[in-house]
Amino acid sequence: MIYLFCGILGGAVLSAICLPLFKKDDTLESAIIEETEWDLLQRKKEVVLGNIQDLDFEYKCGKLSAEDYQKIRAEMGAEAALVLQEIENIEAEADLDALIRRELTARKSKSALQTTICSTCGASNPSTNKFCAECGAKLKR
């Protein structure tokens with residue numbers, strides 16, 4: 001009788017623990033975490049551009065003939081253009097997520113351009129740094 005009780009109790013505890021793992025979550029947090037089409041296209045763009053770099057390297061090393069290189073390069077260039085066009089189409093839509101991504105990218109590039117010069121060693125540091133990356137001195141704001 002005790003074994004039956006322990007088995008039922010163990011099964012109930014196990015199912016209570018595992019149930020959230022298999023339940024579909026429709027909350028806002030899960031929607032944010034899910035990968036969007038834009039994210040997939042960005043990853044595909046990185047792969048295609050990396051493949052083009054690899055192709056250029058192999059051609060410079062002499063592993064490909066000029067004819068093969070031109071043919072494959074044209075195909076990869078067309079694929080990259082298609083991916084970039086799809087990304088542009090998604091971003092051109094009145095999509096709030098795309099607008100947020102563009103704004104974040106613009107702000108990151110703007111903050112990357114702003115630098116602070118260290119008064120101690122003269123090194124250029126991003127404006128977000130509180131201390132110099134070269135000498136460790138405190139940066140004046």
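The values are calculated or read from the model by the stated rules, or taken from the named source; none is laboratory data. From a predicted model like this one, the values you see are computed outputs, not experimental measurements. Using ideal geometry, Cβ is built from the backbone for each residue, glycine included, and neighbour counts are taken over all protein chains shown.
For Leu82, the criteria (1) hydrophobic (A, V, I, L, M, F, W, C); (2) at pLDDT 85 or above; (3) over 24 Å from Trp38 (Cα atoms) hold in every case but one, which is (3). β-branched (Val, Ile, Thr) and more than 16 Å from the chain's Cα centre (by Cα): does that describe Ile87? In short, no. Asp25 meets each of the listed conditions (1) closer than 30 Å to Tyr69 by Cβ; (2) of a type outside the set (Phe, Trp, Tyr); (3) at pLDDT below 70 apart from (1).
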